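Report on the following structure.
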Amino acid sequence: MSATLEILPMSSWVDTGGKPLVIAGPCSAETEEQVWETATQIKALGYANVLRAGVWKPRTRPGSFEGMGEAALPWLAAVKKETGLPIAVEVATPQHVELALKYGIDILWIGARTTVNPFNVQDLADALQGVDVPVLIKNPVNPDLALWIGAFERINRAGIKKLGAIHRGFSNAQETKYRNSPMWNIAIELKTMFPELPMIGDPSHMAGKRAYLFEIAQRALDLNYDGLIIESHCNPDKAWSDAAQQLTPAALGEMLHELHVRKPEY
Ligand code: PEP
Ligand code: MN
């Protein structure tokens, strides 16, 4: 499969001092207090380069919490001001892109359930035409490398050169140890085709459980991944989404210390 992408280095959109990028924050922005508590605690650890929070949540079944939507964006703008950290949110529709940019969100990511659909990805690409914002693209839920590459091509053709890949694993038909199988070879193949494409491991969505985060994060770093995105919540057991896989900022700090991810120098 031959493909070309025009990609700017990760250092053009985030300063990690040459160390692995750390994106951390809750699965979902739930309340103003939860966002504030979590973000200020993560900032205090000194490890994070970027804060994440889901505002529009793609839930598998209806009736679950689907995100606070636009109401959460001012909370994120406030923690950006307080911590000085850039903010990343998931976008799935052109309206999400428009609102995220309106509130000064710094980095957008495309979720695994959106990457699978070329119509959705093209709609996002059209909305991003002429916009200068970094876009991270999660692998599609199914193990289809061409579909992942196609999403990069569509977004890149819209003029977005600040790109990154998020490897969050692939869904399983049966119960397995991990919530989503890493299938490391697929991400490695993508990185081999596009060595300049930053590869960010998402242990949270692969693991599905706190207990497995460390081993997956370590594997990603052993494979020379450019960064990690990890879900962290000030009260994980009470989280409104992905409770079992989130960890407190304090536990995140211990894990990053054990992983020898060094603190960036601001
Ligand atoms: C998320 O990052 O919270 C999320 C919904 O992820 P994914 O698209 O990997 O399922
Ligand atoms: Mn999540």
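Read-outs throughout are calculated quantities, based only on the coordinates presented, and are distinct from any laboratory measurement. Computed from a prediction, not measured in an experiment: that's the story for all the values here. Because the Cβ atoms are built from the backbone with ideal geometry, glycine has one as well, and the counts that use them run over all protein chains shown.
Computed over the chain with a Gaussian network model linking Cα atoms closer than 10 Å, the most mobile of 190, 252, 163 is 190.
Taking the chain as a Gaussian network, where each spring joins two C-alpha atoms under 10 Å apart, which residue of 58, 195, 20 fluctuates the most? Sorting by GNM fluctuation, first place goes to 195. Hydrodynamic radius of segment 1-43 by the Kirkwood approach over all distinct alpha-carbon pairs: 13.5 Å. Rounded to the nearest whole angstrom, the semi-axes of the ellipsoid equivalent to segment 222-266, taken from the Cα gyration tensor as √(5λ), stand at 23, 12, 9, largest first.
Counting other Cβ atoms within 10 Å of each Cβ, which chymotrypsin sites (Phe, Trp or Tyr not before Pro) in segment 23-118 have at most 15 and sit in a DSSP loop? Counting only loop positions with at most 15 other Cβ atoms within 10 Å, the chymotrypsin sites (Phe, Trp or Tyr not before Pro) in segment 23-118 are 65. Taking the inverse of the mean 1/r over every pair of distinct Cα atoms in segment 30-151 gives a Kirkwood hydrodynamic radius of 15.1 Å.
Consider a paramagnetic label point 7 Å from the Cα of residue 262 along Cα→Cβ; state which residues of segment 32-47 have an amide N under 17 Å from it. 46-47, by backbone N distance to the label point. As a proxy for reagent exposure, 193, 10 were ordered by neighbouring Cβ count within 10 angstrom, fewest first; the result is 193, 10.
Here r is the Cβ-Cβ distance between residue 71 and residue 132 and R0 is 30 Å; the resulting FRET efficiency, rounded to 0.05, is 0.70. Placing one equal scatterer on every Cα of segment 70-123 and applying the Debye formula, the log10 ratio I(q)/I(0) at q = 0.13, 0.15 Å⁻¹ is -0.34, -0.43. Along the chain, the longest continuous region that contains none of the GluC sites (Glu not before Pro) in a DSSP loop with at most 15 other C-beta atoms within 10 Å is 67-174. Take every pair of alpha-carbon atoms less than 8 Å apart whose residues are at least six positions apart; their mean separation over the length of the chain yields a relative contact order of 22 percent. Considering only 142, 172, 180, the Gaussian network model of the chain with Cα springs below 10 Å gives its largest mean-square fluctuation to 172. For segment 143-266, a Kirkwood hydrodynamic radius built from all Cα pairs, placed in the Stokes-Einstein relation at 37 °C and 0.692 mPa s, yields a translational diffusion coefficient of 211 µm²/s.
Here the chain is described by how far its Cα atoms reach on the three principal axes: 44, 42, 38 Å, from widest to narrowest.
Evaluated at q = 0.21 Å⁻¹, a Debye calculation over the C-alpha positions of segment 79-175 (equal weights, vacuum) places log10 I(q)/I(0) at -0.99.
Taking a temperature of 4 °C and a viscosity of 1.567 mPa s, what whole-number D in µm²/s does Stokes-Einstein yield for segment 11-93 with Rh from Kirkwood over alpha carbon pairs? In µm²/s, the coefficient rounds to 97.
Charge tally around residue 244: other residues with Cβ under 13 Å, Lys/Arg +1 each, Asp/Glu -1 each, net +1.
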